[in-house]
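The values are calculated or read from the model by the stated rules, or taken from the named source; none is laboratory data. Please read these numbers as outputs of a predicted model, since none were measured by experiment. Positions of Cβ are generated from backbone atoms using ideal geometry, with glycine treated the same way; all protein chains shown enter the neighbour counts.
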Amino acid sequence: MLGLTKNKINELESIIEEYQDQLFSFAFFRVGSYDIAQDIVQDVFLKFFQNKRTLVSVKNIKTYLLKSIANACIDYKRKYGKIKMDNIESVGNDIADDEKNDEEKMCIAEFMRIEDLLSELPDEQAEVIKLKFVDELNFVESAGILNISVNTVKSRYRYGISKLKETHKIKGTYYE
């Protein structure tokens with residue numbers, strides 16, 4: 001299998017088991033499709049495993065894989081268009097789909113709620129907030145994925161949260 005030793009195969013299986021759920025969630029909350037997110041994660045793992053040099057040279061596997069998923073999601077959005085709130089209705093129809101399991105339906109509902117909330121923000125601020133709250137990454141990890149400084153991540157986060165607080169205070173849903 002790809003010219004890998006039994007130890008390397010075990011290492012790769014361990015990597016998949018450790019990161020698969022987080023990577024799927026990361027992809028899903030960027031593309032809004034359960035199936036597409038699964039395809040993206042699978043493609044990233046496949047490319048990662050096929051590149052033997054990558055296996056040896058990667059210092060932080062988690063950051064490398066998240067960055068790869070982020071790039072794959074950007075490529076997907078470039079090719080098929082960014083998810084807009086008017087397209088959310090079609091995502092919402094997935095909730096009513098009887099073939100979807102409860103976990104998929106919950107993910108789709110959560111995606112819609114987050115997209116609705118963050119739609120008021122510039123993309124850069126929304127992405128930093130997703131990285132912090134959805135993906136549970138710290139500012140250093142976020143900076144590595146976005147290829148920007150930690151200070152830039154912090155300021156985007158601060159401005160985004162400030163805008164959300166102000167917006168929802170006006171709408172009467174602000175909570176301290």
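Considering D94, D98, D102, the condition of being surrounded by 11 or more Cβ atoms within 10 Å (Cβ to Cβ) and at pLDDT below 85 is satisfied by D94 alone. Every test in (1) part of a helix (DSSP H, G or I); (2) modelled with pLDDT of 90 or more; (3) of a type in the set (A, V, I, L, M, F, W, C); (4) under 16 Å from F26 (Cα atoms) is passed by L137 save one, and that test is (1). If you go through region 2-61 and keep only what is surrounded by fewer than 18 Cβ atoms within 10 Å (Cβ to Cβ), modelled with pLDDT of 80 or more and not in a helix (DSSP H, G or I), you end up with K59, N60. Answer yes or no as to whether I148 is β-branched (V, I, T) and either surrounded by 17 or more Cβ atoms within 10 Å (Cβ to Cβ) or over 30 Å from K59 (Cα atoms) (or both). Criteria not met by I148.
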